[in-house]
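First comes the structure, then the notes that go with it.
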Amino acid sequence: MHENSPAPSVVTSSVPAPSLTFADDASAEWPAVLYEGDGAIVRQRTAMATSELARPCGEVATLEARTTGLLVTCRTPSPDSAELRLVSIPDGRVTVLASGVHPSWHADISPDGRSVVAFRSGNCVSPAPVCQTRAVLIDVTSKSERELLPSGYYLGATLGWTSLGLTLFQPECAEAGCAGRDKTGTFVWDGSAFKRWADLRFVETSGAWTLLEGLRSFGEEPRRVIVRGPAGDVTVSSGHALAIGANGDTLVWRPGSPREQQGVLMRYAPDGRVLWQADLVGNVINVIGPDVLLVSSPTSKIEIYDLKRMLRFAPTTPINYVVAGVAR
């Protein structure tokens, strides 16, 4: 929270929520376009057709989708080095952006398609458990790079664009150890440095409402889901904060145990009342706007959930690869 913000209040509701189920309708229009990396090929999927978009590299490791293009991380013979390539939509033209980026750290492309942020390997100093990393900002047109973060551990950090701008979240702890509390939280790039915005994780803002998470590490369960509104901060739930609407309604996913692989999807009013809940088999892997989810089923197949129509789309041809989505 902001340094001067009051402590979040906790809301509980004793009113049972209406339980909803997702129907299957093979004739309904898909709420998203999907892109999958299948080996060296990037394919575009809609309900009616699957088409090859590009062959950007030898093997696609990860794929990030924006309306401005697809950012592809391509594997190389070195396990600690990858290439970044941009696939334009709809023509499929491939542009090489950078080589030598770290494949295990998330790269992201800005909403206007002009910049890419990625991590490079830094120093490997014994007896540190992991090599250090440094973050760079890449200009898509000139391919020039600017260092954003010097070599450091950045334990479990995520870096990408949100409605705040270029945003860094540093959890307190990750696999390689823990960082000091003064170095953790959400930071926003002001053009010259990352400035600390809050000790909570920023998720999304919509109108007068902001969605936040309180967590010590990404492996921590449960997380605190916090809504910041005109009346202050309210802890509405525990779970994973997914999206918030213009009226302050919040979408939360409570994952089940790894053995069950079944969780609950819940919609909360900003005052903490549960509006509805629905059983969800699998794990939420991507949120496409406030009303479309990508879910990995227990068989590792990708399914689409449309929350407006309460429909589930399970493609007859499995999507078993790295997937990203772009709303229509």
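No value in this document is a laboratory result; all are computed from the given coordinates. The model shown is predicted, which means the values in this text are computed figures rather than measured ones. Positions of Cβ are generated from backbone atoms using ideal geometry, with glycine treated the same way; all protein chains shown enter the neighbour counts.
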HN-Hα J couplings of region 105-111 from phi, Karplus 6.51/-1.76/1.60, θ = phi - 60°, integer Hz, Gly and Pro as x? 10, 5, 9, 9, 10, 5, x
Let me check I've understood the local charge: for LEU63, count other residues with C-beta under 13 angstrom from its C-beta, Lys and Arg +1, Asp and Glu -1. What total comes out? 0
Using a basic spin-label model with each label point 7 Å from the Cα along Cα→Cβ, how many nm lie between SER51 and GLU29? 1.8 nm
Cut-off under 5 Å, modelled amide H: who pairs with LEU280 long-range: GLY263, VAL264, LEU265
Between ASP279 and ALA208, Cβ-based FRET efficiency (R0 41 Å, step 0.05) works out to 0.85
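Sort 105-112, 26-33 for me by packing, meaning the mean count of neighbouring Cβ atoms within 10 Å per residue, highest on top. Display every interim value, and only then the final one.
Values: 105-112: 18.1, 26-33: 15.2.
Ranked by mean Cβ neighbours within 10 Å, highest first: 105-112, 26-33.
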Whole-Hz couplings from phi, Karplus 6.51/-1.76/1.60, listed for region 42-56; x for Gly and Pro: 9, 10, 10, 10, 10, 4, 9, 7, 10, 10, 6, 9, 6, 10, x
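Most exposed first by the Cβ proxy, i.e. fewest other Cβ within 10 Å, how do MET266, MET48, MET310 rank?
On the way: MET266 22, MET48 7, MET310 14.
Arranged by neighbour count, lowest to highest, MET266, MET48, MET310 become MET48, MET310, MET266.
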Treating cross-link reach as a plain straight distance, find the lysines whose alpha-carbon is under 27 Å from the alpha-carbon of LYS183, omitting any fewer than eight places away in the same chain. LYS195
Computed P(r) (all Cα pairs; region 154-219; 10 Å bins; percent): 23, 53, 22, 2
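Within the set of other residues whose C-beta is less than 11 Å from the C-beta of VAL72, count the net charge using Lys and Arg as +1 and Asp and Glu as -1. Don't skip to the answer; put the middle values down first.
Working: positive: ARG55, ARG75, ARG85; negative: GLU59, GLU64, GLU83.
Computed value for this residue: 0.
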Just from the alpha-carbon atoms, what are the Rg and Dmax of region 84-211 in angstroms? 15.6, 48
Among beta bridges assigned by DSSP with both residues in region 9-327, the antiparallel ones amount in percent, to the nearest 5, to 95 percent
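Please give me the summed charge of the neighbours of ASP182: other residues whose Cβ is under 10 Å from its Cβ, Lys and Arg +1, Asp and Glu -1. Don't jump to the answer; show the numbers that get you there.
On the way: positive: ARG181, LYS183, ARG196; negative: ASP199.
Spelling it out: positives minus negatives among the neighbours equals +2.
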Counting pairs of alpha carbon atoms under 8 Å apart in space and at least six apart in sequence, what relative contact order in percent does the chain give? 16 percent
Residues with amide H under 5 Å of ALA17's amide H, sequence separation 5 or more or different chain, H placed in the peptide plane at 1.01 Å from N; which? none
Select one label from (1) 57, 50, 44; (2) 55, 52, 37; (3) 81, 38, 33: the one whose number is Cα extents along the principal axes in Å as derived from the coordinates shown. (2)
Using modelled amide H (1.01 Å from N, peptide plane; none on Pro or chain starts), what sits under 5 Å from the amide H of ALA243, excluding residues fewer than 5 places away? LEU251
